[in-house]
Amino acid sequence: MPAGARATKKSQKQEGAHYTPSGLAEFVARQLVPLCSVQHPEVLDPAVGDGELLLAIGKALDRACSLHGFDLDATAVGHALARVEAELPRIESDIRPQDFLEIALEHRADSLFSKPGIYDVVIANPPYVRTQVMGAERSQQLAQQFDLSGRVDLSFAFIEGIANVLKDGGIAGIIVSNRFMTTRAGAKVRERILSQFEVLHVWDFGDTKLFEAAVLPVVLLLRKKHSAQTANSRFTSIYTTPAAPVHQARDVFEALANGSGTVAVGGTTFLVQHGHLNHGNEINGTWRIATSSGDAWLDTVLKHTFCTFGDVGKIRVGVKTTADKVFVKSDWTVLSAEMQPESEVLRPLITHHAARRFRALPADRQILYTHEDRDGKKAAIDLAKHPRAARYLEDHRPTLEARTYVTESGRQWFEIWVPQNPALWPVPKLVFPDISERPTFWMSLDGEIINGDCYWLAAHDHSSSDLLWLALAVANSCFIESYYDHAFNNKLYSGRRRFMTQYVEKFPLPSPDLPLSREIISLARQIYDLTPGDEADALTQRIDGLVNSAFGLPEKVSG
């Protein structure tokens, strides 16, 4: 490939241009070919890039076909066309520098002059560009045009567009980020996929690092619906595992052919699972792999579930100042005496840097917290009562006023953008970071303010903290790792898990009245007092067995 043919790292981030590795392109093509019964199929790649996918499907098909491609990058189009003409000289090809989404709009069923689908096969790796990169205006435009909602990813619009241009019964192999399967932002696209397509097979390639970028890809094998018939959707996943390998394979694609189990590929061991797609009772429900053993495990847990974390209290994100250089410091005493804010408005701030199981490290910074609880309502502090804080903030007024969105929302220029509810800071809180390799939850008992890189939960009922202590123990147990993997099956690179609100709020709790639960609660309090220390670590291992037993599972086996 000529130098410069592929996108630069900067343009990849801006345009979502992560070109398809040849091995993955060939894998997708191999899945599509047996499903294509058309004698001379019209094949489309709507974001053709360097042409790798068209080459793969053109070589895999054992018959004549017509290859079509679109891309906004004219240089990429020229390169893709040259490759196809050189390597597949006898196959018709039409690759153009054109916006596929504009073409797809002409084929929408709700369009006044709608055109029917014209392609038999679509093979695609749409660009992954999220709202914050596209910009709000473009995102809203796509949402309106393609009947989407929430945080729109450009790939979501491509999936809609593919449904528009496919003939009834046409097939598609689409490579996208696996985020849509489990996030709230992906709910609408999950609904649209299930309403417009038969999902034939889902391959979650997890942390196999098929792409240079930090993308966890999933391959969707779809057939455009032409009747009410629904496919029995198969689901395959492959993720790294610390377990010992049982099989060997040359690459991840060969590993998928060995059945379920652990497979060594080079120096990495992967866990391969084969099952079917489960999205709960809702058409927009999260997608996960369901296996007979996994479903039996979850059924046992459900029978022993009293409530969920979401029932205990609302999960909130921490504060977001949008001007940390002004509001947050590790040492306020370096300022002159007249500029040091009063102690009552300087509060300890807990960030993910202080994360530790059961009990966080001491807060190493303070936040100038410009809000208070006034007659049961959140209010900005009265600067007249805090003259030193007022002088300090006034000195930084240009920086703070530059946050025009604060004043445009009817608030005062010195306010924190997301202050949360000041009345809840003094109450006990369960706190955890967004991403961690193992569950890391701790109890906040000293009124610390939680930073925006962490989430926190305060109980609806402030009269008793027992459920919070029970939740703390369950959240830090080996059980919750197994529950996460069974219920959500979504990891990042290096085995890290993302503890998003929609996951954690579904974490189960056994009845707090069980003798086992009373013991767990007592141990959690003891661990908090003893952390850090060997005795605390020993008690943590004891909790693992008790939590399993409380959910009806073998004490020493978590799933």
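Just one residue in the set ARG288, ARG316 is of a type outside the set (Val, Ile, Thr), modelled with pLDDT under 95 and touching a Phe, Trp or Tyr at 6+ places or on another chain (Cβ under 9 Å); that residue is ARG288.
Let's see how each residue does on (1) among the small types (Gly, Ala, Ser); (2) in contact with a Leu (Cβ under 7 Å, 6 or more places away or on another chain); (3) more than 24 Å from PRO554 (Cα to Cα); (4) in contact (Cβ under 8 Å) with a residue 24 or more places away in the chain:
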{"position": "HIS247", "(1), (2), (3), (4)": "no, no, yes, no"}
{"position": "GLY267", "(1), (2), (3), (4)": "yes, no, yes, no"}
{"position": "ILE283", "(1), (2), (3), (4)": "no, yes, yes, yes"}
{"position": "ASP299", "(1), (2), (3), (4)": "no, no, no, no"}
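Among helices (runs of 4 or more DSSP H) entirely within the stretch 135-211, having at least 3 residues that are at pLDDT 90 or above singles out 154-165, 187-196. For the stretch 471-492, indicate whether the set of residues that are among the polar types (S, T, N, Q) and open to solvent by 50 Å² or more (accessible area, probe 1.4 Å) is non-empty. No, there is no match, as no residue in the stretch 471-492 is among the polar types (S, T, N, Q) and open to solvent by 50 Å² or more (accessible area, probe 1.4 Å). Kindly evaluate ASP537 against the criterion of being under 18 Å from ARG356 (Cβ atoms), of a type in the set (Asp, Glu) and buried (at least 16 other Cβ atoms within 10 Å of the Cβ). No; evaluated as a whole, the condition is false for this residue. When ARG388 is tested against the conditions (1) open to solvent by 10 Å² or more (accessible area, probe 1.4 Å); (2) among the basic types (Lys, Arg); (3) closer than 30 Å to ILE527 by Cα, the lone failure is (3).
If you take the residues of the stretch 329-376 that are farther than 30 Å from GLU437 by Cβ, among the β-branched types (Val, Ile, Thr) and surrounded by 13 or more Cβ atoms within 10 Å (Cβ to Cβ), which of them is farthest from the chain's Cα centre (by Cα)? If we take residues in the stretch 329-376 being farther than 30 Å from GLU437 by Cβ, among the β-branched types (Val, Ile, Thr) and surrounded by 13 or more Cβ atoms within 10 Å (Cβ to Cβ), then VAL345 is farthest from the chain's Cα centre (by Cα).
Within the stretch 416-439, the set of residues being on the phi < 0 side of the Ramachandran plot, polar (S, T, N, Q) and open to solvent by 20 Å² or more (accessible area, probe 1.4 Å) comprises ASN421 only. Residues in the stretch 342-395 that are under 30 Å from CYS478 (Cα atoms), free of Cβ contacts under 8 Å to residues at least 40 places away in the same chain and in a helix (DSSP H, G or I): HIS353, ALA354. For the stretch 28-37, indicate whether the set of residues that are modelled with pLDDT under 95 and among the hydroxyl-bearing types (Ser, Thr, Tyr) is non-empty. Scanning the stretch 28-37, I find at least one residue that is modelled with pLDDT under 95 and among the hydroxyl-bearing types (Ser, Thr, Tyr), so the answer is yes. For the stretch 493-510, residues that are surrounded by fewer than 20 Cβ atoms within 10 Å (Cβ to Cβ) and either on the phi > 0 side of the Ramachandran plot or in contact with a Leu (Cβ under 8 Å, 6 or more places away or on another chain) (or both) total 4. Restricted to helices (runs of 4 or more DSSP H) entirely inside the stretch 415-519, those with at least 3 residues that are in contact (Cβ under 8 Å) with a residue 12 or more places away in the chain and over 20 Å from ILE543 (Cβ atoms) are 501-504. For CYS65, the conditions (1) in contact with a strand residue (DSSP E or B) (Cβ under 9 Å, 6 or more places away or on another chain); (2) of a type in the set (A, V, I, L, M, F, W, C); (3) surrounded by fewer than 18 Cβ atoms within 10 Å (Cβ to Cβ); (4) free of Cβ contacts under 8 Å to residues at least 60 places away in the same chain are fulfilled apart from (3). Out of LEU546, LEU553, LEU523, one residue alone is among the aliphatic types (A, V, I, L, M), under 19 Å from ASP299 (Cβ atoms) and open to solvent by less than 30 Å² (accessible area, probe 1.4 Å). It is LEU553. Set side by side, the residues GLU52, GLU106 differ, and just one is modelled with pLDDT of 95 or more and open to solvent by 20 Å² or more (accessible area, probe 1.4 Å), which is GLU52. On the stretch given as the stretch 30-55, residues that are assigned to a helix (DSSP H, G or I), touching a residue at least 40 places away in the same chain (Cβ under 8 Å) and over 27 Å from the mean Cα position of the chain (by Cα) total 3.
The values are calculated or read from the model by the stated rules, or taken from the named source; none is laboratory data. Everything quoted here is computed from the prediction, not taken from an experiment. Using ideal geometry, Cβ is built from the backbone for each residue, glycine included, and neighbour counts are taken over all protein chains shown. Each accessible area value is taken on the protein alone, full model and side chains, heavy atoms only, with ligands, DNA and RNA left out. Shrake-Rupley method; radii C 1.70, N 1.55, O 1.52, S 1.80 Å.
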